[in-house]
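Here, each number is a calculation from the coordinates, and none is a lab measurement. Keep in mind that what you see is a predicted model, and the values were worked out from it rather than measured. Every residue, glycine as well, gets a Cβ built from its backbone with ideal geometry; the counts of neighbours run over all protein chains shown.
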Ligand SMILES: Nc1ncnc2c1ncn2[C@@H]1O[C@H](COP(=O)(O)OP(=O)(O)OP(=O)(O)O)[C@@H](O)[C@H]1O
Ligand SMILES: [Mg+2]
């Protein structure tokens, strides 16, 4: 198993697309610096920054970048018969699927951590003196990551199914764009998988729970869509004729 | 006999069309098996099933005496393959391409240089493969197939895109494999001439069916020259030859002698003259292996 991940990492590393991971945290950084937040007496100054930065990052960039990475990790297999070469080696298809998935979610975790660094940098540059709200930020960073897990599973599935680079990207955009509208809806917001990264990262939620979103919503929407997308993609790959 | 490859009733349908039909392939250990057939005969489809890339519609595949269905990983540890066009990662160099496979195969790093040397790519090993010529990509594919010194090497049209000297090199390389490493090789082609000089066994497939499978010697026997004699009364001449214990076939306009050497031809002709037949013509007809192959596949297509 480790050797398969290692090989995947090797191929991805050499494809020089890892700079993509920097884009979203950098944009977050610029947004954070460009907009001066209104200071309200009694509220931690970090919060204003977080709300602003999280909006574009979680709604747009998190799902888009993960989608592009999922396409890239399948693209070099699609290009010149890579699938048949890879799958004629002594590996199970299950391991190949799992390796690609694990690598993707690890990279997204790295991106989340870089975003954390961005948040901190913004505060330093702006000279925020309030204490860094570590617990809230962790909730946001880690919660956002958890909410992306089902999306990555679907993106991997779609990327395996389509040879072209454009098709998975288009599908991803189609589901990502309505997020801005859907999250404002009390009724549909909590059930839309593409809205979950934002909801999980949004620091406005209840602070008693482990995450900013109630457990039953995490289990049902994030967990449910994860199972659906992961098992769907996994079975699709096992059956696919190469 | 112990077979390295054995398929039973192997069948693959795409919709209504049977790309492979009841194929019984048998390859004994240490042979170089030439898998021949015209375009669309079902060679690649068969090979895909041998490697477990595609599920058979019915029938089974056994490699090394083990069923592919339940022992895929174990089997593939000992199989190297090149299916259809060479596969590669264009963004990597030849070395890096092999390294990506090596990590999964778990073989020592020095194997990479060894196989690159064997296919003569060591000079360009650090160039990105997307800039390679077709022949160079083909060589890389063969190198990748040999990386883990497999017991069975499956090469689908490996000479595709190679120049004449490349074909000769490849032939020498493949011929050396059974001798030096005890490998068994399956090599597909649509040209008999290409594998004629290295194959020890041949399987001819046409429209998904195996229409000939035997040693290359047996196939060559078909290719021996035959002597045709045109006589005033062909049928009477044929009967009298048979009565005298000489082998012959009756054709429409001539009698064909199944003579094994010149002396036998001379004896048959002398006998016919002595019997009072008028001999109009004696001619030799040579059938090349390629012709035989063509006839075999043609008959199948007509029928
Ligand atoms: N994935 C597929 N879907 C539908 N039909 C297919 C598929 N793959 C192969 N076929 C059909 O199966 C038949 C056999 O094809 P195959 O590629 O095995 O032939 P081949 O002997 O390798 O030919 P060639 O010498 O051209 O490589 C063809 O008629 C082809 O159209
Ligand atoms: Mg073919």
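Work out, step by step, the length gained on full extension between residue B:172 and residue B:264: first 0.36 nm times the residue separation, then minus their alpha carbon distance; give nm to one decimal.
Computed gain between residue B:172 and residue B:264 is 29.3 nm.
For each of B:35, A:175, A:188, count neighbouring Cβ atoms within 10 Å of the residue's Cβ, then give the residues from fewest to most.
Exposure proxy ranking, most exposed first: A:188, A:175, B:35.
How do B:270, A:187 rank when sorted from fewest to most other Cβ atoms within 10 Å of their own Cβ?
Values: B:270 10, A:187 7.
Ordered by Cβ neighbours within 10 Å, fewest first: A:187, B:270.
If r is the Cβ-Cβ distance from residue B:106 to residue B:294 and R0 is 51 Å, what FRET efficiency results, to the nearest 0.05?
With R0 = 51 Å, the Cβ-Cβ based efficiency is 0.65.
Divide by every residue of the protein assembly as shown the summed helix terms, -39500 (n - 2.57) for each DSSP H run of at least 4, and state the resulting mean residue ellipticity at 222 nm, rounded to the nearest 500 deg cm²/dmol.
When only DSSP H runs of four or more count, the value is -16500 deg cm²/dmol.
Efficiency by 1/(1 + (r/R0)^6): what FRET value for residue B:84 and residue A:18, r their Cβ-Cβ distance, R0 = 30 Å, to the nearest 0.05?
About 0.40, to the nearest 0.05.
How much FRET efficiency would the formula 1/(1 + (r/R0)^6) give for residue A:188 and residue A:215, where r is the Cβ-Cβ distance and R0 is 25 Å, rounded to 0.05?
The pair residue A:188/residue A:215 has a calculated efficiency of 0.80.
Calculate the spin-label point distance for residue B:214 paired with residue B:67, positioning each point 7 Å from the Cα along the beta-carbon direction, and give it in nanometres.
Between residue B:67 and residue B:214, the simple spin-label model gives 3.3 nm.
Could you list A:124, B:1, B:198 in order of exposure, starting from the residue whose Cβ has the fewest other Cβ atoms within 10 Å?
Values: A:124 9, B:1 6, B:198 19.
Listing A:124, B:1, B:198 from fewest to most nearby Cβ atoms yields B:1, A:124, B:198.
Which whole-number percent gives the relative contact order of chain B, counting Cα pairs below 8 Å spaced six or more residues apart? Before the final figure, lay out each step's value.
Details: 558 pairs, mean separation 60.4, N = 303.
Result for chain B is 20 percent.
Once you put a point 7 Å from the Cα of residue B:74 and another 7 Å from the Cα of residue B:114, both along the Cβ direction, what distance in nm separates them?
2.5
If you look at just the Cα atoms of chain B, how large are its Rg and its Dmax in Å?
Gyration radius and largest Cα-Cα distance of chain B: 24.1, 79 Å.
In whole angstrom, how far apart do the alpha carbon centroids of the stretch A:124-142 and the stretch B:106-138 sit?
Each part's Cα centre sits 51 Å from the other's.
Assuming a viscosity of 0.890 mPa s and a temperature of 25 °C, what translational diffusion coefficient in µm² per second does Stokes-Einstein assign to chain A, Rh being the Kirkwood radius over Cα pairs?
131
Using a 10 Å cut-off around each Cβ of peptide B:92-104, what is the average number of partner chain Cβ atoms that fall inside?
Other-chain Cβ atoms within 10 Å of each residue's Cβ, averaged: 5.
Where the centroid of each part is defined by its Cα atoms, how far is the stretch B:1-63 from the stretch A:155-208 in Å?
If we compute the Cα centre of each part, the gap is 45 Å.
For labels at residue B:236 and residue B:181 in the simple 7 Å Cα→Cβ model, what's the distance in nm?
Roughly 6.6 nm, to one decimal.
Please list the equivalent ellipsoid semi-axes of the stretch A:70-198, computed as the square roots of five times the alpha-carbon gyration tensor eigenvalues, in descending order and whole angstrom. Write out the running numbers ahead of the final one.
Details: eigenvalues 222, 78, 34 Å².
Taking √(5λ) for each eigenvalue gives 33, 20, 13 Å, largest first.
When the chain is fully extended, how far beyond the present Cα-Cα distance does residue A:180 get from residue A:92, taking 0.36 nm per residue of separation? Spell out each step's value before the answer.
On the way: separation 88, 0.36 × 88 = 31.68 nm, distance 3.99 nm.
Net length gain for the segment: 27.7 nm.
How big is Rg to Rh over the protein assembly as shown, alpha-carbon atoms, Rh as the Kirkwood inverse-mean-distance radius?
Numbers: Rg = 33.4 Å, Rh = 27.9 Å.
We get a ratio of 1.20 for the protein assembly as shown.
Which distance in Å, rounded to a whole number, links the C-alpha centroids of the stretch B:202-246 and the stretch B:161-177?
Cα centroid to Cα centroid, the span is 32 Å.
Relative to a virtual label point 7 Å from the Cα of residue B:126 in the Cα→beta-carbon direction, which members of the stretch B:74-118 show backbone nitrogen distances below 15 Å?
Once the point is set 7 Å along Cα→Cβ of residue B:126, B:93-97, B:113 turn out to lie under 15 Å by backbone N, inside the stretch B:74-118.
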